[in-house]
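This report concerns only the one structure given below.
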Amino acid sequence: MKKIYASATEALDGLLHDGMFIAAGGFGLCGIPELLLEAIRDAGVTDLTFASNNAGVDDFGIGILLQTKQVKKMLSSYVGENDLFMQQYLSGELEIEFNPQGTLAERMRAGGAGIPGFYTRTGVGTQVAEGKEHKEFRGETYIMEEGIFADISIVKAWKADETGNAIFRKTARNFNVPAATCGKVCIMEVEEIVPTGSLDPDLIHLPGIYVHRLIQGEHEKRIEQRTTRKKETA
Amino acid sequence: MPWDRNQMAERAAQELEDGMYVNLGIGIPTLVANYVGEKDITLQSENGMLGMGPFPIEGEEDPDLINAGKQTITELSRTAYFDSATSFGMIRGGKIAAAILGAMEVSEKGDLANWMIPGKLVKGMGGAMDLVAGVGRVIVVMDHTNKKGEPKVLKECTLPLTGKGVVDLIITNLGVLEVDHKGLHIIETAPGVTRDEIKAATEANIV
């Protein structure tokens, strides 16, 4: 069982094709698989569909694949940080399927757990519910949402051991866990690969069964909204 | 004098009770955190955190630690982190006592529109639809009228909805309105604002 690859490009070798469906982790620019996104850009595959909460900014995250017009469709909850996205959407070059954030997360989780559909109250009575099955449970109306089954998952963790057991850091966990589970093949980039046995098994956030290919690399980890307060004077 | 942004946030904070887990939206709702005083309130950030702390001191920003508005923040001794599916599990599952959020329009039936202006603003709903469908109590904090002076509390929303029949309380610069099955009630006025002034600035029927 060899999961460790030397680079993002090598880790994606043989997996990419035009028109494929990719689930990506991250929230805003926090915890995004930045190295794998660059490698997908360099590979030049087109007509991609992404399930990703956001679309990055113009020059970072999924934004770099919008610059090269490699993306056909996005399943996202919020794309307000990306002007390029807006331009391509308004000109009809890019499709968007807005998913409520929790519905998107649960669709990934469900797909990864072998659940093809589930019912939720989120979005009932809104545009999101149009064309979807409605069903009553205990006097309340719910709509059916479908699990996401992606071709590949690309995610970023803090540390992983050589078998892919992974831990995340603070709010960089976000969509990385559900996204990792819903692809046929999951490729994970980490800041550090540590020897197997050096992580506490009780503290693993994502078991290595979900991780097929693993790379270690340097991350820029760009901050989107730097907000601070003045140091309090005692 | 109508309330200013901070006074609206202060009024909203009065709705929070000791021990509550609460989600605050972007804008005026974020200011509510400044007015909880001695009350033991735990803030949830839907990107995967309970126990959200204040903004970091300059130089201590951590790219792995942000709130749902993508701003750098800090953790507290009580903080817990989790993934997005777990985060919305607690939202959808009714574990969060209240959400305080902004709005473009609210109807007299408690319908809320705050995510989209067709042809103009197409950014997405983020977690707003999940929050209003799942949390115990939905409190809207907004100006009573829009920039053109037109009412934002309407008989029916004109913009695409975020949720239907979801709003429990509306706090504006003019006062506080409660939504129940009978309709809208004025339960408080800002100092020097009359009930008639609120009615004049409201399109919806007030019971």
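Identify, by number, the condition in (1) crowded, with 23+ Cβ neighbours inside 10 Å; (2) touching a Phe, Trp or Tyr at 6+ places or on another chain (Cβ under 7 Å); (3) closer than 30 Å to B:VAL207 by Cα that B:MET49 doesn't meet.
Here B:MET49 clears every test but (3).
Restrict the check to the range B:165-181 and report whether at least one residue is β-branched (Val, Ile, Thr), free of Cβ contacts under 8 Å to residues at least 12 places away in the same chain and within 12 Å of another protein chain (Cβ to nearest Cβ). First the steps, then the outcome.
Narrowing the range B:165-181 to residues β-branched (Val, Ile, Thr): B:166-167, B:170-172, B:176, B:179.
Filter once more, so that each one left must be free of Cβ contacts under 8 Å to residues at least 12 places away in the same chain: none.
No: the range B:165-181 contains no residue that is β-branched (Val, Ile, Thr), free of Cβ contacts under 8 Å to residues at least 12 places away in the same chain and within 12 Å of another protein chain (Cβ to nearest Cβ).
Only residues that are surrounded by 17 or more Cβ atoms within 10 Å (Cβ to Cβ) and either assigned to a loop (DSSP other than H, G, I, E, B) or within 13 Å of the chain's Cα centre (by Cα) (or both): list them for the range B:112-129, please.
Going residue by residue through the range B:112-129, those that are surrounded by 17 or more Cβ atoms within 10 Å (Cβ to Cβ) are B:112-116, B:122-129.
Once the filter is applied, which keeps residues that are surrounded by 17 or more Cβ atoms within 10 Å (Cβ to Cβ) and either assigned to a loop (DSSP other than H, G, I, E, B) or within 13 Å of the chain's Cα centre (by Cα) (or both), the range B:112-129 yields B:LEU112, B:ALA113, B:ASN114, B:TRP115, B:LYS123, B:GLY124, B:MET125, B:GLY126, B:GLY127, B:ALA128, B:MET129.
Whether any residue in the range A:180-190 is of a type in the set (D, E, K, R) and more than 14 Å from every other protein chain (Cβ to nearest Cβ) is what I want to check. Spell out the reasoning first.
Of the range A:180-190, the ones of a type in the set (D, E, K, R) are A:184, A:189.
Now narrow it down to the ones that are more than 14 Å from every other protein chain (Cβ to nearest Cβ): A:184, A:189.
Checked against the condition, which is being of a type in the set (D, E, K, R) and more than 14 Å from every other protein chain (Cβ to nearest Cβ), the range A:180-190 yields at least one hit.
Taking the residues in the range A:132-153 that are over 20 Å from A:ALA51 (Cα atoms) and in a loop (DSSP other than H, G, I, E, B) as candidates, determine which candidate is farthest from the other protein chains (Cβ to nearest Cβ).
Filtering the range A:132-153 for residues that are over 20 Å from A:ALA51 (Cα atoms) and in a loop (DSSP other than H, G, I, E, B), the one farthest from the other protein chains (Cβ to nearest Cβ) comes out as A:GLU133.
For the range B:52-73, what are the residues that are under 23 Å from the mean Cα position of the chain (by Cα), surrounded by fewer than 18 Cβ atoms within 10 Å (Cβ to Cβ) and more than 7 Å from chain A (Cβ to nearest Cβ)?
The one that is under 23 Å from the mean Cα position of the chain (by Cα), surrounded by fewer than 18 Cβ atoms within 10 Å (Cβ to Cβ) and more than 7 Å from chain A (Cβ to nearest Cβ): B:GLY53.
Kindly check whether there is at least one residue in the range A:108-117 that is in contact (Cβ under 8 Å) with a residue 12 or more places away in the chain and touching a Leu at 6+ places or on another chain (Cβ under 8 Å).
No: zero hits.
Pull up the range A:193-219, narrow it to residues that are within 14 Å of chain B (Cβ to nearest Cβ) and surrounded by fewer than 11 Cβ atoms within 10 Å (Cβ to Cβ), then point me to the one that is nearest to A:GLY31 (Cα to Cα).
First pass over the range A:193-219, keeping only residues within 14 Å of chain B (Cβ to nearest Cβ): A:203-207, A:210, A:218-219.
Of the ones still in play, those that are also surrounded by fewer than 11 Cβ atoms within 10 Å (Cβ to Cβ) are A:203, A:218.
Values: A:LEU203: 19, A:GLU218: 13 Å.
Here the residue is A:GLU218.
Matching residues to (1) in contact (Cβ under 8 Å) with a residue 24 or more places away in the chain; (2) hydroxyl-bearing (Ser, Thr, Tyr); (3) surrounded by fewer than 24 Cβ atoms within 10 Å (Cβ to Cβ); (4) within 22 Å of A:GLY19 (Cβ to Cβ):
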| site | (1), (2), (3), (4) |
| --- | --- |
| A:ILE62 | yes, no, no, yes |
| A:TYR89 | no, yes, yes, yes |
| A:GLU95 | no, no, yes, yes |
| A:GLN101 | yes, no, no, no |
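Considering each residue of the range A:111-125, count those that are buried (at least 20 other Cβ atoms within 10 Å of the Cβ) and more than 17 Å from B:LYS164 (Cβ to Cβ), and give that number.
Within the range A:111-125, residues that are buried (at least 20 other Cβ atoms within 10 Å of the Cβ) and more than 17 Å from B:LYS164 (Cβ to Cβ) number 2.
Could you tell me whether any residue of the range A:108-116 is in contact with a strand residue (DSSP E or B) (Cβ under 7 Å, 6 or more places away or on another chain) and of a type in the set (Lys, Arg)?
No - not one qualifying residue is present in the range A:108-116.
Considering only residues of the range A:1-52 that are part of a strand (DSSP E or B) and β-branched (Val, Ile, Thr), which is farthest from the other protein chains (Cβ to nearest Cβ)?
So, considering only residues that are part of a strand (DSSP E or B) and β-branched (Val, Ile, Thr), the one farthest from the other protein chains (Cβ to nearest Cβ) is A:ILE4.
Residues of the range B:1-42 being of a type outside the set (Asp, Glu) and touching a Gly at 6+ places or on another chain (Cβ under 7 Å), which ones? So that I can check it myself, show each step before the final result.
Quick first cut of the range B:1-42, residues of a type outside the set (Asp, Glu) only: B:1-3, B:5-9, B:11-14, B:16, B:19-37, B:39, B:41-42.
Listed by number, the residues that qualify are B:MET1, B:GLY25, B:ILE26, B:GLY27, B:ILE28, B:PRO29, B:THR42.
Would you confirm whether any residue within the range A:90-103 is more than 9 Å from chain B (Cβ to nearest Cβ), within 21 Å of A:VAL177 (Cα to Cα) and of a type in the set (Phe, Trp, Tyr)?
Checked against the condition, which is being more than 9 Å from chain B (Cβ to nearest Cβ), within 21 Å of A:VAL177 (Cα to Cα) and of a type in the set (Phe, Trp, Tyr), the range A:90-103 yields no hits at all.
Take the conditions part of a helix (DSSP H, G or I), over 13 Å from B:VAL122 (Cα atoms), under 13 Å from the mean Cα position of the chain (by Cα) and more than 7 Å from chain B (Cβ to nearest Cβ) and apply them to A:LEU75. Does it pass? It would help to see each step written out before you state the result.
Working: part of a helix (DSSP H, G or I): no; over 13 Å from B:VAL122 (Cα atoms): yes; under 13 Å from the mean Cα position of the chain (by Cα): yes; more than 7 Å from chain B (Cβ to nearest Cβ): yes.
Against the criterion (part of a helix (DSSP H, G or I), over 13 Å from B:VAL122 (Cα atoms), under 13 Å from the mean Cα position of the chain (by Cα) and more than 7 Å from chain B (Cβ to nearest Cβ)), A:LEU75 does not qualify.
State which residue pairs qualify: first residue touching a residue at least 12 places away in the same chain (Cβ under 8 Å) and inside the range B:79-92, second residue of a type in the set (S, T, N, Q) and outside any helix (DSSP H, G or I) in any location, beta carbons under 6 Å apart, and separation of 6 or more residues or different chains.
These pairs meet every condition: B:SER84/A:ASN174.
So, in the range B:145-163, how many residues would count as being in a loop (DSSP other than H, G, I, E, B) and touching a helix residue (DSSP H, G or I) at 6+ places or on another chain (Cβ under 9 Å)?
Going through the range B:145-163 one residue at a time, the tally reaches 3.
Return the residues of the range B:76-92 that are facing chain A (nearest Cβ under 7 Å), out of contact with any Pro (no Cβ under 7 Å at 6 or more places or on another chain) and among the charged types (D, E, K, R); say none if nothing qualifies.
Correct list: B:ARG92 only.
Cβ-Cβ distance below 7 Å, separation of 6 or more or different chains: which pairs start in the range A:1-25 with a residue that is closer than 22 Å to A:TRP158 by Cβ and end on one that is among the aromatic types (Phe, Trp, Tyr)?
What qualifies is A:ALA11/A:TYR5; A:ILE22/A:PHE50; A:ALA24/A:PHE50; A:GLY25/A:PHE175.
Within the range B:1-73, considering only strands (runs of 3 or more DSSP E) that don't extend past its boundaries, which have at least 2 residues that are among the aliphatic types (A, V, I, L, M) and in contact (Cβ under 8 Å) with a residue 40 or more places away in the chain?
Working: elements: B:21-24, B:42-45, B:49-52.
Those strands (runs of 3 or more DSSP E) span B:21-24.
On the basis of being within 11 Å of chain B (Cβ to nearest Cβ), under 22 Å from B:ALA68 (Cα atoms), of a type outside the set (D, E, K, R) and part of a helix (DSSP H, G or I), does A:THR171 make the cut?
On the way: within 11 Å of chain B (Cβ to nearest Cβ): yes; under 22 Å from B:ALA68 (Cα atoms): yes; of a type outside the set (D, E, K, R): yes; part of a helix (DSSP H, G or I): yes.
So A:THR171 passes the test.
Would you check if B:LEU184 is crowded, with 18+ Cβ neighbours inside 10 Å, in a strand (DSSP E or B) and touching a residue at least 40 places away in the same chain (Cβ under 8 Å)? Give the derivation first.
Values: crowded, with 18+ Cβ neighbours inside 10 Å: yes; in a strand (DSSP E or B): yes; touching a residue at least 40 places away in the same chain (Cβ under 8 Å): yes.
Here the answer is yes, as B:LEU184 does meet what is asked.
Just so you know, all these numbers are worked out from the coordinates, no wet-lab data involved. Predicted, not measured: the structure shown is a model, and the values here were computed from it. FYI the Cβ positions are ideal-geometry reconstructions off the backbone, even for glycines, and counts take in every protein chain you see.
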